[in-house]
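Each remark here refers to the structure printed beneath this line.
Every number in this text was worked out from the coordinates using simple rules, so none of it is lab data. This structure is a prediction, so every number in the text was calculated from the model and none was measured. Positions of Cβ are generated from backbone atoms using ideal geometry, with glycine treated the same way; all protein chains shown enter the neighbour counts.
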Amino acid sequence: MTRRFRPAWFARPAAALLAAAGLYTAWTQQPPAEPPLTVTRIADDLHVIAGAGGNIGVLTTDEGVILIDDKFERNVDGILEKVKSISSKPIRYVLNTHLHGDHTGGNAKIAALTGAVLFAHANARAVMVEKKMPGLQNITFTSRAAIHLGGKTVEAYYFGRSHTNGDVVYYFPGHKVIHTGDMFAVGGPIVDYSSGGNGREFLGTLGKALELDFETVIPGHGGPVLQKSDLSTFHAELANAQAQISKLIREGKPKDQAKALVHTGEFRMCCKTAMWDRTLPGLWDELSR
Ligand SMILES: [Zn+2]
């Protein structure tokens with residue numbers, strides 16, 4: 001199998017479909033079609049729900065279910081249906097990787113329907129308060145925490161700023177799996193400066209995540225199930241792109257030529273898609289300082 005970069009949500013037929021859906025929206029005011037929710041098995045008790053929004057990790061235990069992220073509010077009915085197809089137990093915790101609405105949008109509705117406890121990094125919750133976002137978390141942490149349920153554990157790590165100032169890596173030690181949130185979005189990254197993101201620190205933060213003892217990665221977008229080597233590749237490619245930008249800055253090249261001058265054509269995991277186009281100017285500014 002070739003391993004050329006082609007996330008499903010960026011493949012050409014999907015792009016054509018989205019363009020068509022955009023036109024359809026303009027005519028009918030109907031929301032554009034979303035990719036359907038799908039379930040991918042990692043282990044009997046660990047699954048990923050992909051589709052619209054960020055990838056959801058689903059850990060099932062005898063005492064209930066732990067979700068990592070919960071997409072948009074409009075996806076909640078579909079999410080609950082998928083979770084029910086995996087486990088008959090109630091959702092007890094929703095652990096957010098960061099604040100964005102495609103990862104926390106289901107928080108309020110799921111908490112109201114199930115009584116689940118909402119959990120995130122303190123910085124993520126603070127930005128949500130600032131931006132008046134719904135679904136605020138009940139519990140926050142600052143550097144390291146563990147969630148125990150039904151004899152199983154999920155560890156939460158904060159390694160520093162990257163996509164935002166409150167990105168959590170969730171570690172499933174029993175499975176040697178991590179969920180990175182958008183610290184690893186295939187084709188990205190995006191640095192959200194309005195939420196405290198930092199492109200310069202991004203590499204160091206990713207490097208700390210890579211020190212965990214894991215084999216399998218659930219990225220924030222893409223995948224939905226990748227390997228540690230894919231995250232290493234993403235890290236190396238981002239380092240390569242940053243080195244190119246720094247060199248161009250030293251050579252006095254103008255920022256508006258960044259897209260043409262930074263070569264990422266052979267990259268497999270990083271620095272593609274519209275996400276990278278959004279990231280480049282800010283990253284250039286950061287590396288110029
Ligand atoms: Zn995000």
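Things to note:
- For GLU63, nonlocal amide neighbours, meaning residues 5 or more places apart or on other chains whose placed amide H falls under 5 Å from its own, are GLY150.
- Lysine pairs in segment 33-228 whose alpha-carbon atoms fall under 20 angstrom of each other, counting only those eight or more residues apart or on distinct chains, come to 16.
- Electrostatic tally near ARG161: other residues with Cβ closer than 14 Å to its Cβ, Lys and Arg +1, Asp and Glu -1, net -3.
- Ranked from largest, the principal axis spans of the Cα set of segment 97-162 equal 34, 32, 17 Å.
- The longest stretch of the chain left intact once loop-based GluC sites (Glu not before Pro) with at most 14 other Cβ atoms within 10 Å are removed from consideration, loops following DSSP, is 64-210.
- Considering only beta bridges that DSSP places wholly inside the chain, some 65 percent are antiparallel.
- Note that segment 154-171 has calculated 3J(HN,Hα) couplings of 10, 9, 10, 10, 10, 10, x, 6, 7, 4, 9, 9, x, 8, 9, 9, 9, 10 Hz, one per residue in order, obtained from phi through the Karplus relation 6.51 cos²θ - 1.76 cosθ + 1.60 (θ = phi - 60°); glycine and proline are x.
- For the chain, the alpha-carbon coordinates run over 59, 48, 45 Å along the three principal axes, in decreasing order.
- Size estimate for segment 189-289 follows the Kirkwood approach: the inverse of mean 1/r over distinct Cα pairs works out to 14.3 Å.
- Only one residue of GLY54, ALA241, SER143 has its Cα farthest out toward the positive end of the dipole of the chain, where Lys and Arg carry +1 and Asp and Glu -1 on Cβ, and that residue is ALA241.
- Length-normalised contact order of the chain in % [C-alpha pairs under 8 Å, at least 6 apart]: 14
- Taking trypsin sites (Lys or Arg not before Pro) across segment 117-220, the ones in a DSSP loop with at most 13 further Cβ atoms lying within 10 angstrom of their Cβ are LYS131, LYS132, LYS176.
- In plain terms, the C-alpha convex hull of segment 67-186 casts an average shadow of 7.4 nm² when viewed from every direction.
- Net charge dipole size for the chain [Lys, Arg +1 and Asp, Glu -1 on Cβ; Debye, nearest 20]: 460
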